[in-house]
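Coordinate-derived values only; no laboratory data. Owing to the predicted nature of the structure, the values given are computational and were not obtained by experimental measurement.
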């Protein structure tokens, strides 16, 4: 009997989980918030199952006013930005600000320092690397710099 104890316990736990998953599926389709909450509580074992003798879940008055409008979604940065640096460029160090022709300002956030012969208005491309960090590639420079957008 001891050999069958752990597998039997696992099987019974799995059966209970499947029953709960089926009950959760029923709760998902309920439109009324209070009734849906009562259903979830019942499945979680927090409320007794509804019977003919038990009172119905509390009724919730329908809202009379329209629901407030959802906040506008935050603007999403494009995957790639192409522009030019306004003025001359001679490298960066931590905190260097790059003003672009498109009106955006970007700041270097890494601790790296890079010096190059002065370039007038170089083309730049901003893209995310495989870790999701924004990097600026500057035309004529063989490396990229980590940046963040700042509002002035």
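Before moving on, here are some points about what is shown:
- For segment 80-150, the relative contact order works out to 33 percent when only alpha carbon pairs closer than 8 Å and six or more residues apart are counted.
- Equivalent-ellipsoid semi-axes for segment 80-150 (Cα gyration tensor, √(5λ), whole Å, largest first): 16, 14, 11.
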